[in-house]
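What follows is a single structure, written as structure tokens, with notes after it.
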Amino acid sequence: MTKFEILHKDLMGRIGKLRTAHGDIETPTIMPVINPNIISIEASEMKKYGAEILITNAYIIYRNRDLRDKAQRNGIHSLLGTEIPIMTDSGSYQLYEYKDVEVSNSEILEFQRSIGSDVCVPLDVPTPPYVNWKRAKEDLEVTLSRLREARTLTQDNLLAGVVQGSTYVDLREESARHAAELGFDLYAIGGVVPLLESHGFDKLVDIIMASKRNLPLNAPVHLFGAGHPMLFSLAVALGCDLFDSAAYAIYAKGKRYLTSDGTKKLENLRVLPCSCPVCTTYSVTELRESTDLLAAHNLWVTFEEMRMVKQSIAEGSLWELCERRCRAYPSLVDALKRITNYSAEIEKYDPATKRPFFYLSEFSAHRPEVLRYSNRLNRFDISGRVLITTKEESEVEKFDHVFLVKPPFGPYPVELNESYPVGQSEIPVVIDAEAKTVALQNVLKLMALNKGKANFVFQYDSSWDGHPLFEEIGKYAELVQFVRQAT
Ligand SMILES: [Zn+2]
């Protein structure tokens, strides 16, 4: 029986169902990190926030004799006091932070199995961003040998194949390809936390894409360490399904208040802008005095954003959400720009029919739908006299074909006025330069595709006057400007 079933798709994001020994979970979802030594919110409380699965660190439990005995005697679920699924991390983060762990790969895997973890993780080697290639490659070899070893051990629980390779696209690809060949129940992209901390989100886009294009589509992908809600729409759009959040507690300790648009310092808050149970019950002053209350708010907004992402997938508006969220920080704008570089790749996964297209900013000009439309311009076989016009009120009867120009798509037959995506797209009255440029590039493409068969007239209103592409269009078409009507 397949362990992961995909229910809805949008861009490369999906809503899926993952089977675990403690029940099904619906992805995308976030796994709150439970540290058995420092608990601000009990594991048994997590369900009310929306948690369907938790994550804890097997190494922390293993290292503490008392916790280890309890976990081995009664299981990890009993130790944490919950019956919802639990993923266990292996201690590779400790390996990264403190350079040494006193446990082998096979020992920690056996330990995870013995305490009844639902998802086990081998002891991979997280390589920091921007180390030299040789070091990243050597680390990766160790990770891959541990993944191979993990596959030979008997497992009845789900097993995660970790993808490493630092900031090198070739190594991330190699890592993902090898993990996929070994075959895991899910895959985890690791080693990105320092990149997240330095807001290297454009590089994160490259890493996710390099990994995803080599991983099987029918398995969930966990983005290790990405717990800030502002990142969810972006990462889900690129095909990540699982997230973990220690952020809710770590940010609370630093007196920082999470929102889906970023982080606010509690000391700067005059009011609590959120409507979660904490923010509607307590005052700013009370929140300042209680890390636990702040952690609870942080968790509420974290799950709220994940539900928003899920709804956006279901209704086909994930791009719009992503575009809105990525306007919050300059480094997220960079990431959104980077995503548009991958539009051709994303287009292959993106379902073809969706709800109306909303043009929100210049980034919308490079959405997968626009690229797909451009790729399909060769479907129009035209000849004779052809009018391409930016305004509808023309003397259309003189022409064999009439195309209207709608930014950012470009030319479309007037008969398709109501059809998806062009006819149904909603664009602002004032069009930005990027949308016009993409539209005119597609006008040029249509003309080039039908060169010699059709005589083109390109008619434009004053808002398009003087566009740099007109010179090129003039080589194919007679340019005619609308005469301004007397008022
Ligand atoms: Zn709140």
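The values are calculated or read from the model by the stated rules, or taken from the named source; none is laboratory data. Computed from a predicted model, the values in this text were never measured in an experiment. All Cβ positions, even for glycine, are placed from backbone atoms using ideal geometry, and neighbour counts span all protein chains on display. Accessible surface areas use protein heavy atoms only, side chains included; no ligands, DNA or RNA. Shrake-Rupley method; radii C 1.70, N 1.55, O 1.52, S 1.80 Å.
Keeping every protein chain present and rolling a 1.4 Å probe, give me the accessible area per residue for the chain in Å².
So the chain comes to 43 Å² accessible per residue, rounded to a whole number.
Hey, any idea what Rg/Rh is for region 324-402, computing Rh the Kirkwood way over Cα pairs?
Radius of gyration over Kirkwood radius for region 324-402 works out to 1.11.
Nearest 0.05, what FRET efficiency do Glu5 and Arg148 give at R0 = 30 Å with Cβ-Cβ as r?
According to the calculation, E is roughly 0.60.
Rounded if a/c is under 1.5, else prolate if a/b is larger than b/c, else oblate: which is region 320-361, with a ≥ b ≥ c the root eigenvalues of its Cα gyration tensor?
Because a/c hits 1.5 or more and a/b fails to exceed b/c, region 320-361 counts as oblate.
In whole Hz, with x marking every Gly and Pro, tabulate ³J(HN,Hα) for region 221-234 from phi via Karplus 6.51 cos²θ - 1.76 cosθ + 1.60, θ = phi - 60°.
So the Karplus estimates, Gly and Pro as x, are 10, 9, 9, 5, x, 9, x, 7, x, 5, 8, 4, 4, 4 Hz.
Using a 1.4 angstrom probe on the protein heavy atoms only, could you order Trp300, Trp319, Trp133 from most to least accessible area?
The most accessible residue leads, giving Trp133, Trp300, Trp319.
At a 4.7 angstrom Cβ threshold, list every cysteine in the chain that has nobody to pair with, or say none.
Here Cys120, Cys240, Cys276, Cys322, Cys326 come out as lacking a disulfide-compatible partner, given the Cβ-Cβ threshold of under 4.7 Å.
By its C-alpha gyration tensor, with a ≥ b ≥ c as the square roots of the eigenvalues, how is region 368-481 shaped: rounded for a/c under 1.5, else prolate for a/b larger than b/c, else oblate?
rounded
Taking square-rooted eigenvalues a ≥ b ≥ c of the alpha carbon gyration tensor, is region 1-94 rounded, prolate or oblate, where a/c under 1.5 means rounded and, failing that, a/b exceeding b/c means prolate? If you can, show how the numbers build up before the last one.
Working: a/c = 2.04, a/b = 2.00, b/c = 1.02.
The shape class here is prolate.
Within a Cβ distance under 13 Å of Arg324, other residues only, what is the Lys/Arg minus Asp/Glu net charge?
Net charge around Arg324: -2.
Would you mind computing, in nm to one decimal, how far apart the modelled labels at Thr291 and Gln441 are, each placed 7 Å from Cα along Cα→Cβ?
Distance between the two pseudo-spin positions: 5.1 nm.
Counting DSSP beta bridges with both partners in the chain, what percentage is antiparallel, nearest 5?
Of the beta bridges lying entirely in the chain, close to 35 percent run antiparallel.
Amide H of Ile53: which non-local residues (sequence gap of 5 or more, or other chain) have their own amide H closer than 5 Å, using H built in the peptide plane?
Those lying under 5 Å, H to H, from Ile53: there are none.
Could you check the simple spin-label distance between Thr263 and Asp170, using points 7 Å along Cα→Cβ, in nm with one decimal?
Roughly 3.5 nm, to one decimal.
Report the equivalent ellipsoid semi-axes for region 81-226 in whole Å, largest first, defined as the square roots of five times the eigenvalues of the gyration tensor built from alpha carbon atoms.
Largest first, region 81-226 gives 23, 16, 15 Å.
Just to be sure I understand the curve: with the Debye formula and one point per C-alpha of region 176-303, what is log10 I(q)/I(0) at q = 0.09, 0.13, 0.19, 0.20 Å⁻¹?
Log-scaled intensity ratios, in q order: -0.31, -0.59, -0.97, -1.04.
Taking just the C-alpha trace of the chain, give me its Rg and Dmax in Å.
26.4, 89
Can you show me the helix-derived [θ] at 222 nm for the chain, built from DSSP H runs with n ≥ 4 at -39,500 (n - 2.57) apiece and divided by the number of residues, rounded to the nearest 500.
-11500 deg cm²/dmol
Within region 280-310, which residues have the backbone N less than 20 Å from the label spot 7 Å out from Lys17 along Cα→beta-carbon, could you tell me?
Only 307, 310 fall inside the zone, counting backbone N under 20 Å.
Which FRET efficiency value, to the nearest 0.05, do you get for Glu107 and Ser44 by plugging their Cβ-Cβ distance into 1/(1 + (r/R0)^6) with R0 = 25 Å? Could you put the intermediate results ahead of the total?
Working: r = 29 Å, r/R0 = 1.16.
Once rounded, the FRET efficiency stands at 0.30.
Just to be sure I understand the model, the point goes 7 Å from the Cα along the line to the Cβ. What's the resulting Ala448 to Leu479 distance in nm?
Between Ala448 and Leu479, the label points sit 1.8 nm apart.
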